[in-house]
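Student: Take a look at this one; I'll ask things after.
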Amino acid sequence: MSNAEFAGQHYSGAAYEFETTRLTELCPVEFAMTKRMLDRWIPHGSVVAEIGVGAGHYSEHLAAQVAAVSRVSATDLHPMASASFDAVLLLGPLYHLCQPSDRQRAVDEAARLLKSHGLLYAAGINRLPYFRDLFRESPQLAAERRQFHKQFLEDGNVDPDHAPPLGFGHLSTAGEFEALFAGLFDRLILMGVESFTAPWQPILLDLEPDQVEAWLDLVEQTGVTAEGWGASDHFLFVGRKAD
């Protein structure tokens, strides 16, 4: 079974139920910052392809302001016409593809689908929070996982035994993640979408709207720095298709 096929099955079961509430209840900063970036650059009336839709939160957010949102499986892109979309969302598939060639192929296909100067939104998972969470939740496992950690630091790949919520997946560094898009896209932004809020995101849900916006402004300002990338759980790359 390929990683893409595994991801499709993974999100058709219990993981789908988890994903329906993850963004809204557990990760509201990630959700809010990603929506902020979608609203900033995707014009009204655009035609958007969301590849690997998860629970469909971002499609629902865009539905009221774009001409069409096409929900596309990451395993079945060939029938999609070249240069037919104003924006492509890869807000999940890249961290379920463990082989570098598969990740690059996904980005190449996104570029193929985009019109001239079309927009790509791509998400990656930061490698470092794996260790942060293990240290917090199961510090006694470090010794027995030495061999896995050596491999993980080299290739960033995890499996259901070591990262049950994600399953088979790839966790990246900021530099490795950005390199995927080199030559194909001109960067508009590379940010750590949670920055300093990463372990405490649900606090946002208890704040008044003006406080929410003030904190999100700070997340955006710090999330584009090296320190913000390192503190975040997720990277977001937004790029415009290069000539």
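Student: Output the residue which, of all residues in region 111-135 that are part of a helix (DSSP H, G or I) and without any contact (Cβ under 8 Å) to a residue 60 or more places away in the chain, is nearest to Leu236 (Cα to Cα). Let's see the steps before the verdict.
Tutor: Step one: filter region 111-135 for residues part of a helix (DSSP H, G or I), giving 111-113, 129-135.
Then drop every residue that is not without any contact (Cβ under 8 Å) to a residue 60 or more places away in the chain, which leaves 112, 130-131, 133-135.
Working: Arg112: 20, Tyr130: 18, Phe131: 20, Asp133: 21, Leu134: 23, Phe135: 25 Å.
Taking the candidates together, the pick is Tyr130.
Student: Then there's this: Restricting the first residue to region 166-191 and requiring it to be on the phi > 0 side of the Ramachandran plot, which pairs with a second residue that is surrounded by fewer than 20 Cβ atoms within 10 Å (Cβ to Cβ) meet a Cβ separation below 8 Å and a spacing of at least six or different chains?
Tutor: Every condition considered, the pairs that remain are Gly167/Phe6; Gly167/Ala15; Gly167/Asp159; Gly167/Pro160; Gly183/Ala242.
Student: Still on this model: For Ala83, state whether it is over 17 Å from the mean Cα position of the chain (by Cα), without any contact (Cβ under 8 Å) to a residue 24 or more places away in the chain and loosely packed, with under 15 Cβ neighbours inside 10 Å. Spell out how you get there, then give the answer.
Tutor: On the way: over 17 Å from the mean Cα position of the chain (by Cα): yes; without any contact (Cβ under 8 Å) to a residue 24 or more places away in the chain: no; loosely packed, with under 15 Cβ neighbours inside 10 Å: yes.
It is false that Ala83 is over 17 Å from the mean Cα position of the chain (by Cα), without any contact (Cβ under 8 Å) to a residue 24 or more places away in the chain and loosely packed, with under 15 Cβ neighbours inside 10 Å.
Student: Let me ask something else about it. Just give me the residues in region 18-57 being touching a His at 6+ places or on another chain (Cβ under 7 Å) and surrounded by fewer than 19 Cβ atoms within 10 Å (Cβ to Cβ), in sequence order.
Tutor: Lys35
Student: Could you check region 31-66 and list, in sequence order, the residues that are outside any helix (DSSP H, G or I) and among the aliphatic types (A, V, I, L, M)? Before the answer, list the steps.
Tutor: The first filter runs over region 31-66 and keeps only residues outside any helix (DSSP H, G or I), leaving 42-56, 64-66.
Ile42, Val47, Val48, Ala49, Ile51, Val53, Ala55, Ala64, Val66 - these are the residues of region 31-66 that are outside any helix (DSSP H, G or I) and among the aliphatic types (A, V, I, L, M).
Student: Hey, any hits in region 196-216 for a residue that's in contact with a Ser or Thr (Cβ under 7 Å, 6 or more places away or on another chain), at pLDDT 95 or above and of a type in the set (Gly, Ala, Ser)?
Tutor: So far as region 196-216 goes, yes, one or more of its residues are in contact with a Ser or Thr (Cβ under 7 Å, 6 or more places away or on another chain), at pLDDT 95 or above and of a type in the set (Gly, Ala, Ser).
Student: Still on this structure, I have one more. Name the single residue, out of those in region 66-107 being at pLDDT below 85 and among the polar types (S, T, N, Q), that is nearest to Leu236 (Cα to Cα).
Tutor: Among those that are at pLDDT below 85 and among the polar types (S, T, N, Q), it is Ser73.
Student: Given the conditions (1) surrounded by fewer than 14 Cβ atoms within 10 Å (Cβ to Cβ); (2) under 26 Å from Thr24 (Cα atoms); (3) out of contact with any helix residue (DSSP H, G or I) (no Cβ under 8 Å at 6 or more places or on another chain), which single one is not true for Ile203?
Tutor: Going through the list (1) surrounded by fewer than 14 Cβ atoms within 10 Å (Cβ to Cβ); (2) under 26 Å from Thr24 (Cα atoms); (3) out of contact with any helix residue (DSSP H, G or I) (no Cβ under 8 Å at 6 or more places or on another chain), Ile203 breaks only (3).
Student: Which residue is nearest to Arg40 (Cα to Cα), if the candidates are limited to region 222-234 and must be touching a Ser or Thr at 6+ places or on another chain (Cβ under 7 Å) and surrounded by 21 or more Cβ atoms within 10 Å (Cβ to Cβ)?
Tutor: Gly223
Student: Further question: Go through region 91-135 and give me each residue that's of a type in the set (Phe, Trp, Tyr) and closer than 19 Å to Arg187 by Cα.
Tutor: Tyr121
Student: I would also like to ask the following. Val219: assigned to a helix (DSSP H, G or I), surrounded by 21 or more Cβ atoms within 10 Å (Cβ to Cβ), at pLDDT 95 or above and under 20 Å from the mean Cα position of the chain (by Cα), yes or no?
Tutor: Values: assigned to a helix (DSSP H, G or I): yes; surrounded by 21 or more Cβ atoms within 10 Å (Cβ to Cβ): yes; at pLDDT 95 or above: yes; under 20 Å from the mean Cα position of the chain (by Cα): yes.
Criteria met by Val219.
Student: What pairs come up if the first residue lies in region 28-39 and is more than 12 Å from Gly223 (Cα to Cα), the second is at pLDDT below 95 and surrounded by fewer than 20 Cβ atoms within 10 Å (Cβ to Cβ), and their beta carbons are under 6 Å apart, counting only those six or more places apart or on different chains?
Tutor: Qualifying pairs under 6 Å: Lys35/His61.
Student: Okay, moving on. If you check Glu60 against the conditions, is it exposed (fewer than 13 other Cβ atoms within 10 Å of the Cβ) and closer than 25 Å to Glu194 by Cβ?
Tutor: Numbers: exposed (fewer than 13 other Cβ atoms within 10 Å of the Cβ): yes; closer than 25 Å to Glu194 by Cβ: yes.
In short, yes.
Student: How about region 198-216: which of its residues are more than 16 Å from Met37 (Cα to Cα), part of a helix (DSSP H, G or I), more than 21 Å from the chain's Cα centre (by Cα) and of a type outside the set (A, V, I, L, M, F, W, C)?
Tutor: Once the filter is applied, which keeps residues that are more than 16 Å from Met37 (Cα to Cα), part of a helix (DSSP H, G or I), more than 21 Å from the chain's Cα centre (by Cα) and of a type outside the set (A, V, I, L, M, F, W, C), region 198-216 yields Asp206, Pro209, Asp210, Gln211.
The values are calculated or read from the model by the stated rules, or taken from the named source; none is laboratory data. Treat the numbers as computed from the prediction; the structure is a model and nothing was measured. Glycine gets a Cβ as well: all are built from the backbone with ideal geometry, and neighbour counts include every protein chain shown.
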